[in-house]
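One structure is given here, and the rest of the page talks about it.
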Amino acid sequence: MSRIAVVTGGATGIGRQIAARFVADGLSVVITGRCAGSLAETADRLGPRARAVPFDASAPDEVHAALADLPHRVDVLVNNAGAHTDLHRPLPDPGDLHALRASWLANIEANLISAVLVTAALQPRFAGHGRIVSIGSIAAKAGNWGYGAAKAALETWNRELACHLGSRGVTANIVSPGLVENTGFRPGGIPAEHRARQIARTATGRAAQPGDVAAAVAFLASAEAGHITGQILHVNGGAHLGT
């Protein structure tokens, strides 16, 4: 029987690469996200083992409504949906507390609440020896205001989740990337100065590619990783060592 994976934010970037890796490894994959068109296009490219279920992972009503279309047995859940929402809006003016609040809440909803809601909704469907992998960020250690705080909170939540689900044989881990190229994460691409600065922080002297992250996720989702839980696997070329 084929194992079944759900990948949130699976239409583009890291999520699409993770889904492609799972399909190559023989899993059936359900990709989710807010853009139905992009999801359908990606699912078509991935082939008959993939299908798309569009919904906003941070919206409780949409998550609940999507349950009818999501698998009744889930072997792997990858909480990949998320964004640095400050990259998509102007920074708050100094003293504008309403805008500051909106900025922080947007990051928390996109990066933490999305993972919490989807995981809670699918918990009854996790198969024995299930795997949960959430995509964190080096920003949890390096700061970066609301985005970094949301990713740091994701790490705290993951530790509790691992303890809560361990008796069922379900593991919960985080893959924490640094700079990853070719994802569409930053509107307009990665500024050259920022790219050079981030690469200089690594021990390997290069940026990651989506396949680097997908390989780490595939390992944590495998049967061989059954005794690894509550962990943070850094996929950032050692950049976290200097933060």
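The values are calculated or read from the model by the stated rules, or taken from the named source; none is laboratory data. If you're wondering where the values come from, they're calculated on a predicted model, not measured in any experiment. Using ideal geometry, Cβ is built from the backbone for each residue, glycine included, and neighbour counts are taken over all protein chains shown. All accessible areas refer to the heavy atoms of the entire protein, side chains included, with ligands and DNA or RNA removed. Shrake-Rupley method; radii C 1.70, N 1.55, O 1.52, S 1.80 Å.
Go through Gly26, Gly47 for me and flag whichever is among the small types (Gly, Ala, Ser), over 27 Å from Gly169 (Cα atoms) and touching a residue at least 12 places away in the same chain (Cβ under 8 Å).
Gly47
Has region 199-207 got any residue that is over 23 Å from Ile132 (Cα atoms) and under 20 Å from the mean Cα position of the chain (by Cα)?
Checked region 199-207: at least one residue is over 23 Å from Ile132 (Cα atoms) and under 20 Å from the mean Cα position of the chain (by Cα).
Give just the number: which of (1) surrounded by 17 or more Cβ atoms within 10 Å (Cβ to Cβ); (2) part of a strand (DSSP E or B); (3) free of Cβ contacts under 8 Å to residues at least 60 places away in the same chain does Gly128 not satisfy?
Evaluating Gly128 over (1) surrounded by 17 or more Cβ atoms within 10 Å (Cβ to Cβ); (2) part of a strand (DSSP E or B); (3) free of Cβ contacts under 8 Å to residues at least 60 places away in the same chain leaves (1) as the failure.
How about region 5-124: which strands (runs of 3 or more DSSP E) wholly inside it have at least 1 residues that are within 20 Å of Val180 (Cβ to Cβ) and open to solvent by less than 40 Å² (accessible area, probe 1.4 Å)?
28-33, 74-79
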